[in-house]
1. In deg cm²/dmol, rounded to 500, what helix-only [θ] at 222 nm does the chain give when every DSSP H run of at least 4 residues adds -39500 (n - 2.57) and the total is split over its residues?
2. Rounded to the nearest 20 Debye, what is the dipole magnitude of the stretch 4-134 about its Cα centre when Lys and Arg each give +1 and Asp and Glu each give -1 at the C-beta?
3. For Tyr17, Tyr57, which order do you get if you count the other beta carbons within 10 Å of each Cβ and list the fewest first?
4. Can you give the percent of C-alpha pairs in the stretch 1-58 whose distance is more than 14 Å?
5. Could you check the simple spin-label distance between Val76 and Asp99, using points 7 Å along Cα→Cβ, in nm with one decimal?
6. Assuming R0 = 35 Å, what is the FRET efficiency of Lys25 and Asn90, from their Cβ-Cβ distance, to the nearest 0.05?
7. Note down the nm distance, to one decimal, between modelled labels 7 Å out along Cα→Cβ at Arg16 and at Glu119.
8. In whole Hz and in residue order, list the ³J(HN,Hα) couplings for the stretch 44-54 that follow from phi through the Karplus curve 6.51 cos²θ - 1.76 cosθ + 1.60, θ = phi - 60°; x for Gly and Pro.
Amino acid sequence: MQSAESASQVGNLLDRYLISLDDDKLDDEWARGLFTDDARVAFPMSRHEGVDGLAEYHRGALAAFERTQHLNSPAVVEPRGADEVRLRANVISTHVRLDDGALFTAGTLVTGAARRTGEGWRLSALSFRVIWTTGTPPAAEAAR
């Protein structure tokens, strides 16, 4: 059974991930500090598998925005064995479009998994399902 401390550590991973999207340097060190080598990240418009290239993938996805702010609920963390958990949380993401400064906001359900590794807990999967939006997302070619 997972301890409350393990659940807190996993919830903190999701918090760090979302906050880092808004103002951190997204590089390979960032990716390896949050994700397993075989991590999968799936957004409605694209997906990426593996820690290699994950930072570049995120930089590309955020390139159409001047700024972002991601606010999340506490993560619900459920054990799946001694060294694996599932997690879910609600996220509101506000994006300031680079092309015209307009806002695009989405309410999203994030689900995922984390595993205990030799370096501590790491996210092994994240999937984002959009529940609602306001504003207009950038054109597909601008979001690449």
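Bear in mind these aren't lab numbers, they're just calculated from the coordinates by the rules spelled out. All values reported here derive from a predicted model rather than from experimental measurement. Glycine also receives a Cβ, built like all others from the backbone with ideal geometry; neighbour counts cover every protein chain displayed.
1. Using -39500 (n - 2.57) per qualifying helix, the result is -8000 deg cm²/dmol.
2. Details: 15 positive and 20 negative charges, 101 e Å.
The calculation lands at about 480 debye.
3. Lowest count first: Tyr57, Tyr17.
4. On the way: 984 of 1653 pairs.
Value for the stretch 1-58: 60 percent of Cα pairs lie more than 14 Å apart.
5. 3.7
6. Between Lys25 and Asn90 the formula returns 0.85.
7. Inter-label distance under the simple model: 1.0 nm.
8. Values per residue, Gly and Pro as x: x, 9, 5, 8, 9, 10, x, 6, 5, x, 5 Hz.
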